[in-house]
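Below you'll find the structure, written out as structure tokens, and then a few comments.
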Amino acid sequence: ITGLTPTTGYHVYVRQVCAGPVYSANSFRTPFNTSLDCSIAQIITCGAQTSNVFVSGATGNSAYGQSSYTNGMSCMSTGGGAEATGAERLFRFTVTTAGTHDLTIPANSVTRVGYAITPVANGCAAPVFTCVGVGLAAGSNLNMPGLTAGDYYLIADAHTSYVGNQQFTLNCPGVPSC
């Protein structure tokens, strides 16, 4: 299906073309939500501090609800009602030197933000992301071991509609942080 608007809810019905200009009855209605437009990803670089600003009352796209992260659910659900239902922020970065990369969170007024990663070749739908960790407090360090050269998406998904700013720095092998 082409021409759909990103982060939008739709319903789909399926029916079969029978003999002649006759069609079967419609199937049951199935709802779905389109993913983020991957081209909107903010480019981040090694050693540079990045800010995640989450606006009061902003809710995320239901396509990125906590249960949508098949491989990253542990980042998006911490229990106690703090699931990833807040706004999402999509980032993109390039790994030039293979090895362990990490996110350092030096300042945090948003108490829970889940982070997950995937190679750009996988697209940016929620099921393709793998958990990195949950930024909980100043000084959090979230490791991403074993990254190979290439381009990656990093998604930050706020747990509920928290207000505030969470900063992080992408640290890469061979690039000392400031």
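Data overview
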| read-out | value |
| --- | --- |
| Rough spin-label spacing in nm, given labels placed 7 Å along Cα→Cβ, for Tyr10 and Asp151 | 2.4 nm |
| J(HN,Hα) series, the range 26-34, from Karplus relation 6.51 cos²θ - 1.76 cosθ + 1.60, nearest Hz, glycine and proline x | 5, 6, 5, 6, 10, x, 8, 10, 7 |
| For Leu36, distant residues with modelled amide H under 5 Å away | Thr7 |
| Amide H partners (placed H, <5 Å) of Phe129, local residues excluded | Asn71 |
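Rule-based calculations on the coordinates, nothing more; no lab input. It should be emphasised that the depicted structure is a prediction, and the values quoted were computed from it without experimental measurement. Quick reminder, even Gly has a Cβ in these numbers, built from the backbone with ideal geometry, and neighbours come from all protein chains shown.
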